[in-house]
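Contents: one structure, followed by commentary.
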Amino acid sequence: MNNIKAIFKREFAAYFATPVAYVFIVIFLFLMGVFTFYIGAFYERNQADLEPFFRFHPWLYLFLIPAIAMRLWSEERKTGTIELLMTLPVPTYQAVVAKFLAAWCFTAVALVLTFPMWITVNYLGAPDNTVILASYIGSLLMAGGFLAIGSCISGITKNQVIAFVVSVVICFLFLLSGFPLVLDFFRGWAPQAVVNAIASFSFLTHFESIKKGVIDIRDLIYFLALISFWLYANVVVIENKKAG
Amino acid sequence: MTEKTEKPVIEINSLVKHFGPIHAVRGISFTLRKGEVLGFLGPNGAGKSTTMKMIAGFLEPTAGTISVCGYDILENPIEVKKKIGYLPEGAPLYGEMTVTAFLNFIADVRGMTGKSREDRIEEVIQKINLQSVRNQTLETLSKGYKRRVGVAHAILHDPEILIMDEPTDGLDPNQKHEVRTLIKEMASEKATIISTHILEEVDAVCTRAIIIASGKLLFDGTPAELLAKSTNGKLDDVFREITTKFHAEQGMLLAS
Ligand SMILES: Nc1ncnc2c1ncn2[C@@H]1O[C@H](COP(=O)(O)OP(=O)(O)OP(=O)(O)O)[C@@H](O)[C@H]1O
Ligand SMILES: [Mg+2]
């Protein structure tokens, strides 16, 4: 536990010791604004809710989260600091969890900084704030899913560009797996049960469901299981690299 | 000689490491006791760093065993890592951290607490002469200072075993002297392994020398024994003789 805390602290501070944090947060907030007000037509809808805001989170995360996750392990490998980290008396899973949590908390900070959006909508009307809270939680869970994928991929390579591109592609599949493009590909040869399972793997399906205002236990389990799975894969990847 | 009767702190048996087709380490065995300072010598690419990385627990051996203070490195890696202070080759560091922040992080992970922790960090900063750069970020340090921070981090928890990959590389002559003195000061309480390309260093700090080339152990003995092999009393010449003779034999083996 102490190890996780120490590594978490170091990682979290590292975001703010470099321009990474500020650049990321500014771009995050800027894009959120653009999508919500222009593409989501926040004002024109004349409805007091944040649906146009949350609707674009999956698509923003698709590019922004892999950008945060790509450095988690690739950078350590590139600069050689992974040799420091892995020769400290810390089990690999603790290092993986600590790094993930630091990145997740950092995303949470960026998400919390969108609070002016919430103030605006409350100022303009009387929105259902439980729906908004549920959507925020759903969004954070989804960000965690994207991050866990990105962290695992970043453990595979010391090249951050490769880590980024591969993560985006895998995250994209996880978004689209509820969509015809992906399902048709499987429908040709896989049994229907498998196709249904794939559909239920989509981030979108579960995020949409939470966004309605109720956090169903199944959606919660989905995201937590997804995060656990990818972090476990992350540990396996890091352990395997030791065998060179 | 109580030392000789003590159990070795490090026992290495038929250690092998392959990177795909590259056979970096090909069956190295040796033991190390408390109080010994082992100089790891060998030409570039001999397998020195690879061997040290395996002892430090960064790489897993392809075959062979490493036991540290009675713990097998594969079965009990965490216990082993607690006993070791390790300076990786090139002394990689987290660039965005300051010297004190970095040492505090290491102290955190090493489970150091309270007043003794503050004192120890201060003591190490004084010992390695880092006072003038303590609040500077690591990426802005000169090469020698980076190396010194690396040394500081390795000795911070006063480990029983010290493994340093080219600790004096890039240091100015004064600092080379300082680090060697430091190693000698600590030597009686620890088992130490250092790798180096400076043979006079072996004479100056090591109680024992090992020469490896192409992943094989060619010599294991005291610096005096090594010197005795030479005709003109120069360590450099013995080193060249042993390693080139080996490479020539290897060449003949391949040719036949
Ligand atoms: N990660 C790796 N992947 C593939 N080959 C490697 C890897 N690390 C080391 N090697 C190879 O293993 C051999 C031994 O390398 P090592 O770094 O142990 O040499 P060294 O004795 O430390 O040399 P130097 O004096 O130059 O530091 C070299 O042939 C090197 O190319
Ligand atoms: Mg080396």
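Before moving on, here are some points about what is shown:
- Checking B:I212, B:I193 one by one, the residue that is within 16 Å of ligand 2 (Cβ to nearest atom), out of contact with any Asp or Glu (no Cβ under 7 Å at 6 or more places or on another chain), within 14 Å of chain A (Cβ to nearest Cβ) and under 22 Å from B:N44 (Cβ atoms) is B:I193 and no other.
- Helices (runs of 4 or more DSSP H) (entirely within segment B:58-175) containing at least 1 residues that are touching a residue at least 12 places away in the same chain (Cβ under 8 Å) and more than 10 Å from every other protein chain (Cβ to nearest Cβ): B:99-109, B:114-127, B:143-155
- Residue in segment B:26-38 that is within 11 Å of another protein chain (Cβ to nearest Cβ), among the hydrophobic types (A, V, I, L, M, F, W, C) and either out of contact with any helix residue (DSSP H, G or I) (no Cβ under 7 Å at 6 or more places or on another chain) or more than 9 Å from ligand 1 (Cβ to nearest atom) (or both) present: no
- Among the criteria (1) surrounded by 19 or more Cβ atoms within 10 Å (Cβ to Cβ); (2) farther than 22 Å from B:V9 by Cβ, the one B:T181 does not fulfil is (1).
- Single condition B:F102 does not satisfy, out of (1) in contact with a Phe, Trp or Tyr (Cβ under 9 Å, 6 or more places away or on another chain); (2) under 22 Å from B:D220 (Cβ atoms): (2)
- Criterion: away from every other protein chain (no Cβ under 11 Å), buried (at least 20 other Cβ atoms within 10 Å of the Cβ), in contact (Cβ under 8 Å) with a residue 24 or more places away in the chain and within 16 Å of ligand 2 (Cβ to nearest atom) - qualifying residue of B:K48, B:K53: B:K48
- One residue alone among A:L85, A:L31, A:L50 is out of contact with any Gly (no Cβ under 8 Å at 6 or more places or on another chain), at pLDDT below 90, crowded, with 20+ Cβ neighbours inside 10 Å and not charged (D, E, K, R), and that residue is A:L50.
- Unique match (being within 16 Å of ligand 1 (Cβ to nearest atom) and touching a strand residue (DSSP E or B) at 6+ places or on another chain (Cβ under 6 Å)) among B:F246, B:F239: B:F246
For every residue, the table says whether it meets (1) within 14 Å of another protein chain (Cβ to nearest Cβ); (2) of a type in the set (V, I, T).
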residue: A:P52; (1), (2): no, no
residue: A:F63; (1), (2): no, no
residue: A:I68; (1), (2): no, yes
residue: A:E75; (1), (2): yes, no
residue: A:P91; (1), (2): yes, no
residue: A:F100; (1), (2): no, no
residue: A:T107; (1), (2): no, yes
residue: A:T120; (1), (2): no, yes
residue: A:L124; (1), (2): no, no
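- Selection status of B:E201, away from ligand 2 (no atom under 16 Å from the Cβ) and modelled with pLDDT under 95: no
- Counting only helices (runs of 4 or more DSSP H) that fall entirely inside segment A:157-244 and contain at least 1 residues that are surrounded by 15 or more Cβ atoms within 10 Å (Cβ to Cβ), within 14 Å of chain B (Cβ to nearest Cβ) and under 20 Å from the mean Cα position of the chain (by Cα), the qualifying elements are A:217-242.
- Some residue of segment B:211-224 being part of a helix (DSSP H, G or I) and either surrounded by fewer than 19 Cβ atoms within 10 Å (Cβ to Cβ) or more than 16 Å from ligand 1 (Cβ to nearest atom) (or both): yes
- Here A:V96 meets each of (1) under 24 Å from B:I78 (Cβ atoms); (2) in contact (Cβ under 8 Å) with a residue 12 or more places away in the chain; (3) within 14 Å of another protein chain (Cβ to nearest Cβ) with one exception, condition (3).
- Residue check, B:L15 among the hydrophobic types (A, V, I, L, M, F, W, C), within 15 Å of ligand 1 (Cβ to nearest atom) and touching a Pro at 6+ places or on another chain (Cβ under 8 Å): yes
The values are calculated or read from the model by the stated rules, or taken from the named source; none is laboratory data. Being a predicted model, the structure only gives us computed values, none of them experimental. Positions of Cβ are backbone-derived with ideal geometry, glycine not excepted, and every protein chain shown enters the neighbour counts.
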